[in-house]
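The values are calculated or read from the model by the stated rules, or taken from the named source; none is laboratory data. Predicted, not measured: the structure shown is a model, and the values here were computed from it. FYI the Cβ positions are ideal-geometry reconstructions off the backbone, even for glycines, and counts take in every protein chain you see.
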Amino acid sequence: MAGPLSFGQKRNLITGVALDIQRQNQQAQRSPIAPVQPPTSQGSQGDSGIPQGPQRVGSPVERWKNFMNAVGGGVTVTSGFRSVAEQQAIWDATPVERRGKWVARPGSSFHNKKIGGLSGAQDLAFSSPEIRNRFRELAPKFGFWQPLSYEDWHWEAIETRGMRGR
């Protein structure tokens with residue numbers, strides 16, 4: 001059994017994952033996959049609060065491209081799709097007390113799932129507070145949301161809403 005990963009090994013793993021994300025997202029753009037429809041029932045709360053409109057039309061990949069064009073740059077995907085093995089490596093490198101909140105169990109993370117050809121979860125870096133604010137303002141209009149209030153870098157396609165009790 002291998003010991004815990006060093007900081008450098010974790011950094012290299014995350015950098016490698018980011019490069020894989022770029023490659024996988026490029027491949028996903030070339031392979032047509034039917035989009036997953038968002039949940040229609042919101043219980044007694046009624047409307048989900050997500051604006052409906054022409055921006056929400058299309059697959060998650062198409063919406064993501066349109067969304068990034070509308071934001072106008074300054075957003076970097078630091079982590080998107082990763083395999084269950086990559087998630088396991090991150091899980092194993094995470095202190096036990098942080099597992100489950102800061103790192104999802106391997107196989108249960110939306111980073112391990114494709115939603116209409118796009119990684120179910122994206123971790124992002126913003127070039128400025130203004131870009132972050134613009135991103136937050138536009139995200140619902142294009143069908144993206146932030147399910148974890150304590151992870152301001154973590155965003156998901158709206159299709160994940162209602163999954164796993166969300």
- Note on the structure: If we ask which residues in the range 137-150 are touching a strand residue (DSSP E or B) at 6+ places or on another chain (Cβ under 9 Å), touching a residue at least 24 places away in the same chain (Cβ under 8 Å) and farther than 19 Å from residue 117 by Cα, their number turns out to be 1
- Task: Kindly indicate whether residue 134 is within 14 Å of residue 67 (Cβ to Cβ), of a type in the set (Lys, Arg), touching a residue at least 24 places away in the same chain (Cβ under 8 Å) and surrounded by 14 or more Cβ atoms within 10 Å (Cβ to Cβ).
- Result: yes
- Note on the structure: Given the conditions (1) more than 24 Å from residue 62 (Cα to Cα); (2) modelled with pLDDT of 85 or more, every one holds for residue 134 apart from (1)
- Task: Within the range 92-123, work out how many residues are under 18 Å from residue 158 (Cα atoms), of a type outside the set (Lys, Arg) and crowded, with 18+ Cβ neighbours inside 10 Å.
- Result: 13
- Matching residues, the range 104-131, being of a type in the set (A, V, I, L, M, F, W, C) and modelled with pLDDT of 90 or more: 124, 125, 126, 131
- Item | Search result, residues across the range 109-144 that are in contact with an Asp or Glu (Cβ under 6 Å, 6 or more places away or on another chain), assigned to a strand (DSSP E or B) and closer than 26 Å to residue 98 by Cα | 121
